[in-house]
Every structure is written in C-alpha cells, then in structure tokens.
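Q: Right, I'll just put the structure down here and ask away after.
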Amino acid sequence: QVQLVESGGGLVQAGESLRLSCVASGSIFSINAMGWYRQAPGKQRELVASITRDGSTKYAGSVKGRFTISSDNAKNTVTLQMSSLKPEDTAVYYCNVKMEWGIEIWGQGTQVTVSS
C-alpha cells in the first residue's frame, strides 16, 4: 500500500508564495512520474505540473513562469514552489503519483487560498 502525505497549503495574499510538498511511502516499486493537480469549487480537477523520473516537466499554461516542480527520486518526494500567486490559484491541490502497470495514487488534498 502506498500513501501520499501532503503539506504546505494555507492562506496567502495575492503576490505571495507557497511551497507544497508530498512524500510517498509504503510499497513503492517504480514511480514513473509525480505531479500536482488542483480542483477549484465547481470546476474539474486539472493538472498543475508534473515531473517524470528523468526530470522532464510539464506545466499548465496558467502557471508557467510562476510555479516550479521538483522531485527527489531517492526520497520519493515532489515539491511545488508557487510564486506570484493569484486568487484564481485558489483550489484544493492534490499530489499524484503514477507507477508502473497504470497504478495511480492520490493524496488527500491540501487547501490553497489566495486572497486579493
């Protein structure tokens, strides 16, 4: 069984920064990619950023240049550094891990609220 523990959410003002972290533990065999998704009220869950085991990254257009994703393969951690936050970034952020054989694990979610 694999567990994801997220940390770092909170309430900030527009223009400020936050860092989200996620640690995977348990029966981890082969992680192909780690990433962050978010879901705002009344909207579908969307990809924010992802990073593969070899370091290839992908970002949503709305966060490019403001957010940076990084990972530590040895520690099975993924971090999302969020800068210049906007009210529209307000959402529940979910850590996601994709492993071999199509196995996908989700974290419990952490709230990020950006006030104007």
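The values are calculated or read from the model by the stated rules, or taken from the named source; none is laboratory data. Not measured: the values here are computed from a predicted model. Positions of Cβ are generated from backbone atoms using ideal geometry, with glycine treated the same way; all protein chains shown enter the neighbour counts. Surface areas here come from the heavy atoms of the whole protein model, side chains and all, with no ligands, DNA or RNA. Shrake-Rupley method; radii C 1.70, N 1.55, O 1.52, S 1.80 Å.
Q: Among (1) open to solvent by 30 Å² or more (accessible area, probe 1.4 Å); (2) of a type in the set (D, E, K, R); (3) touching a residue at least 24 places away in the same chain (Cβ under 8 Å); (4) part of a strand (DSSP E or B), there is one condition Lys58 misses while meeting the rest; what is its number?
A: Answer for Lys58: the failing condition is (3).
Q: Okay, next question. Working carefully through the options Leu47, Leu11, Leu18, find the one that is aliphatic (A, V, I, L, M), at pLDDT 95 or above and over 15 Å from the mean Cα position of the chain (by Cα). It would help to see each step written out before you state the result.
A: Numbers: Leu47 fails: over 15 Å from the mean Cα position of the chain (by Cα); Leu18 fails: over 15 Å from the mean Cα position of the chain (by Cα).
Leu11 is the lone residue from the list that is aliphatic (A, V, I, L, M), at pLDDT 95 or above and over 15 Å from the mean Cα position of the chain (by Cα).
Q: Mind listing whichever residues of segment 39-54 are assigned to a loop (DSSP other than H, G, I, E, B) and either under 22 Å from Ser71 (Cα atoms) or of a type in the set (A, V, I, L, M, F, W, C) (or both)?
A: Ala40, Arg45, Arg53, Asp54
Q: Now a separate question. Being in a loop (DSSP other than H, G, I, E, B) and in contact (Cβ under 8 Å) with a residue 40 or more places away in the chain is the filter here; which residues of segment 13-38 pass it? Let's see the steps before the verdict.
A: Taking segment 13-38 as the starting set, the residues that turn out to be in a loop (DSSP other than H, G, I, E, B) are 14-17, 27-30.
Within segment 13-38, Ala14, Gly15, Glu16, Ser17, Ile28, Phe29, Ser30 meet the criteria.
Q: Still on this structure: Out of all the residues in segment 64-80, is one or more exposed (fewer than 14 other Cβ atoms within 10 Å of the Cβ), acidic (Asp, Glu), under 17 Å from Asn96 (Cβ atoms) and more than 12 Å from the chain's Cα centre (by Cα)?
A: Yes: segment 64-80 contains one or more residues that are exposed (fewer than 14 other Cβ atoms within 10 Å of the Cβ), acidic (Asp, Glu), under 17 Å from Asn96 (Cβ atoms) and more than 12 Å from the chain's Cα centre (by Cα).
Q: Test each condition in (1) in contact with a helix residue (DSSP H, G or I) (Cβ under 6 Å, 6 or more places away or on another chain); (2) closer than 17 Å to Leu4 by Cβ for Met34 and report the one that comes out false.
A: Evaluating Met34 over (1) in contact with a helix residue (DSSP H, G or I) (Cβ under 6 Å, 6 or more places away or on another chain); (2) closer than 17 Å to Leu4 by Cβ leaves (1) as the failure.
Q: Which of the residues spanning segment 81-102 are over 11 Å from the mean Cα position of the chain (by Cα) and either open to solvent by less than 50 Å² (accessible area, probe 1.4 Å) or free of Cβ contacts under 8 Å to residues at least 24 places away in the same chain (or both)? If you could, list the steps in order and put the result at the bottom.
A: Within segment 81-102, the first condition is being over 11 Å from the mean Cα position of the chain (by Cα), and the residues that meet it are 83-91, 98-102.
Listed by number, the residues that qualify are Ser83, Leu85, Asp89, Thr90, Ala91, Met99, Trp101, Gly102.
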